[in-house]
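Structure first, then comments.
Please treat every number below as a calculation from the coordinates, not as lab data. Quick caveat: nothing in here was measured; it's all calculated off a predicted structure. Using ideal geometry, Cβ is built from the backbone for each residue, glycine included, and neighbour counts are taken over all protein chains shown.
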Amino acid sequence: MNLDLLANELLLDLFEYQSGVHLLRTFHNLNSRFDNLLIVHFQTHDLDFRSLSTYTFDIICEQHLPLIADRIITLRLPNNDDTPQEIELFLADDFALRTFLHLRSPSLDRIYSIETMNKVTRQCCHLPYLIHLKFMSCSLNCNRAIRLDTFNQIWSLPKLTRCHLDIKIYKRFVIPTVHRRRSL
């Protein structure tokens, strides 16, 4: 069967049964019709980076995201066994969150650094359509002032209506830098 003979609506229905990553790897740059259908698809569907190899992640970021970054509305980025440090790599790449102009709902899994979380929240300030933010299975080890600053950044996002925070916060002992003099 030749897919070029199918109507656009039928192809979009078929796209529903495949992951966004698989669609990009299969149909991107096949022809302009499929590129346009991918753009339409990602205006209503998510791009999920879970369970990708580092190789596939790099290919998606380098070759496919330029076509659709400004059309994606939902994005899921994990740090998992298959792609450790994926979020950090993604944020360091040219495709930082702020390039996803229509992003409404980013979901980030397993952030273990307050610096990474701060980088995410700073970039979220540049997303005019952001309404839902998820931090899943995160663990932070930082002081209260830094946590407060991070959470204040989240709460000040102008259109945010839902926020899911699944964050374990570990306190650590802080050694004072001020020394007290003893009087004899």
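Tabulated results
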{"item": "Cα-derived Rg to Rh of the chain, Kirkwood definition", "result": "1.12"}
{"item": "Modelled FRET efficiency - R0 25 Å, Gln43 with Ala92, Cβ distances, 0.05 increments", "result": "0.40"}
{"item": "In degrees, nearest ten, helix 144-155 long axis to first principal axis of the chain (Cα)", "result": "30 degrees"}
{"item": "Sequence-separation-based contact order of the chain, relative, with Cα cut under 8 Å and 6+ spacing, percent", "result": "15 percent"}
{"item": "In degrees, nearest ten, helix 114-124 long axis to first principal axis of the chain (Cα)", "result": "50 degrees"}
{"item": "Within the chain, helix-based [θ] at 222 nm, where runs of 4 or more DSSP H residues each add -39,500 (n - 2.57), nearest 500", "result": "-10000 deg cm²/dmol"}
